[in-house]
Each structure stands twice: as structure tokens, then as C-alpha cells.
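Chemist: Mind looking over this structure? Questions follow.
The values are calculated or read from the model by the stated rules, or taken from the named source; none is laboratory data. Please read these numbers as outputs of a predicted model, since none were measured by experiment. Please note: Cβ atoms are built from the backbone with ideal geometry, for glycine as well, and neighbour counts cover all protein chains shown.
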Amino acid sequence: MRPVILWFRRDLRLSDNPALTAALKSKHPILPVYIFDQTPGLRPLGGAGQWWLNKSLKALGTALHGRGSQLVLRRGVAAEVLTELISETGACELLFNAIFDPAVEHRDRELAKHLRQSNCVSHRFNGAHLLAVDQPQTKAGGSFSVFTPYWRAAGCRWRLACMSLPLTASPLLMSGRGRRPWKPGVFTPQNLTGLRAFQAGCRVRRARLNA
């Protein structure tokens, strides 16, 4: 069975992740991927961002390993890396959560067109907001201008997805084929005040919310 690629971007978590939920529902083997994106025109991560990324990827990798899967790490222009992965694995679908940034959205649209030529479809989900930025709409199909009606309409649309199923690891991933792992550089700021106690991962944040 052809795998699906689950492309992690800013949503380095397993709970409340609609792209992951869709991947599980597909019943296909799942290939979890994170790409250190070097696409020209996109804002690069600063030192503190790379420090956070290093911690968060380790937490995500541990969480995936505990569910019988493994995170693939790649570096480069995302469109090129994904095209290469699809060619290596024969993936039939690319699933990811949206980043509401004009430059990223334009790249994602162009990527979707390119992937269709490779017999691979892409699906984008809203994983960063309670509602998509263009939802809800008025009965006339426009945007709300008054908060109270918007709040009433929005309340009935909220959905939270939680991961409760084990991941199905791609046989290609588990056998080690087509992998070029890398480790993001560890950023150590001179002033660690406020960062020493930082713990990454959705498990830690969920515990804090429930405290």
C-alpha cells in the first residue's frame, strides 16, 4: 500500500492535529516528515527559534517512537525535498497544516499543482486556529462586522481533534530506505535566564494547561 506523507511544520505535536487525524483515517502507512525549509523568500529561523526547534523535534521524535514510528528529518527547499521523497516512497498523498502567511500560502499552492503531476494529491488543514481565517461567514457569504453574531456563529463550529490511535509506520521508513537524517544546530544563548526550565513537547504543555 502506498504511504501518505505527514508533513510537520510549526505544529510539532500529536494531539489536536487535524493533518495527523486525516492521515490516521486514510488507513495508509504514514511517513512523518519535518523539513528544515530553506525556500528562498521565506523568513529564516533565528538563533532562539533554532534552539526551540531542536528541543521540540526531539520531543516529537520521542513521541512518535513510542507509537512505533520514526520522524524523518530533511533539509533544503521544501518543494524539492518533498518531490524527492514522493519519488523514493511512492507516496500517494501529502497532508499538512496551514501556515497563514502570504509567502507560504503561495508556495503551498504552487506545490499542490506540481504534486498533481506526480500522481500525488495534497490536503491542507487548519491546525493553528479554532476556525479557519475565512470562517465563519454571514448567511450572505460575507464577513462579520459585529463581534456578537460572529461569536455565536463561531461557537457551533469549534472542533478539537485528539490523537487516540497508534500510528502505522511506513515500511520504507522503518527499513531505513531513502533517509538523510540531520540534527538542527543546538543554540546556546549567553543569557539562559528563563530558558533553563523550558521543556518542549505537547505533553508538557497539556500538563500545564490541566494543572
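Chemist: On the basis of being more than 19 Å from Ala23 (Cα to Cα), surrounded by fewer than 16 Cβ atoms within 10 Å (Cβ to Cβ) and without any contact (Cβ under 8 Å) to a residue 60 or more places away in the chain, does Val77 make the cut?
Modeler: On the way: more than 19 Å from Ala23 (Cα to Cα): yes; surrounded by fewer than 16 Cβ atoms within 10 Å (Cβ to Cβ): yes; without any contact (Cβ under 8 Å) to a residue 60 or more places away in the chain: yes.
Here the answer is yes, as Val77 does meet what is asked.
Chemist: Among the candidates Leu57, Leu24, which residue alone is under 21 Å from Val77 (Cα atoms) and at pLDDT 85 or above?
Modeler: Answer to the check: Leu57.
Chemist: Let me ask something additional. Determine if region 117-127 includes at least one residue that is loosely packed, with under 12 Cβ neighbours inside 10 Å, of a type outside the set (A, V, I, L, M, F, W, C) and more than 19 Å from Asp11 (Cβ to Cβ).
Modeler: Taking region 117-127 as the starting set, the residues that turn out to be loosely packed, with under 12 Cβ neighbours inside 10 Å are 117, 119.
Subset that is of a type outside the set (A, V, I, L, M, F, W, C): 117, 119.
Narrowing the set further to residues that are more than 19 Å from Asp11 (Cβ to Cβ) leaves 117, 119.
Among the residues of region 117-127, at least one is loosely packed, with under 12 Cβ neighbours inside 10 Å, of a type outside the set (A, V, I, L, M, F, W, C) and more than 19 Å from Asp11 (Cβ to Cβ), which makes the answer yes.
Chemist: Could you grab me the full set of residues in region 42-58 that are over 14 Å from the mean Cα position of the chain (by Cα) and not aromatic (Phe, Trp, Tyr)?
Modeler: Leu42, Arg43, Pro44, Leu45, Gly46, Gly47, Ala48, Gly49, Gln50, Asn54, Lys55, Lys58, listed by residue number.
Chemist: Which helices (runs of 4 or more DSSP H) sit wholly inside region 1-99 and have at least 3 residues that are under 17 Å from Ala128 (Cβ atoms)? Don't jump to the end; show me each part of the working.
Modeler: Numbers: elements: 18-26, 47-65, 78-89.
Output list reads 18-26, 47-65.
Chemist: Going residue by residue through region 53-74, is there one that turns out to be within 22 Å of Asp108 (Cβ to Cβ), touching a strand residue (DSSP E or B) at 6+ places or on another chain (Cβ under 9 Å) and surrounded by fewer than 15 Cβ atoms within 10 Å (Cβ to Cβ)? Show your work before the answer.
Modeler: First, the residues of region 53-74 that are within 22 Å of Asp108 (Cβ to Cβ): 53, 56-57, 60, 71-74.
Still in the running and touching a strand residue (DSSP E or B) at 6+ places or on another chain (Cβ under 9 Å): 53, 57, 60, 71-74.
From the residues that got through so far, the ones that are surrounded by fewer than 15 Cβ atoms within 10 Å (Cβ to Cβ) too are none.
Within region 53-74, not a single residue is within 22 Å of Asp108 (Cβ to Cβ), touching a strand residue (DSSP E or B) at 6+ places or on another chain (Cβ under 9 Å) and surrounded by fewer than 15 Cβ atoms within 10 Å (Cβ to Cβ).
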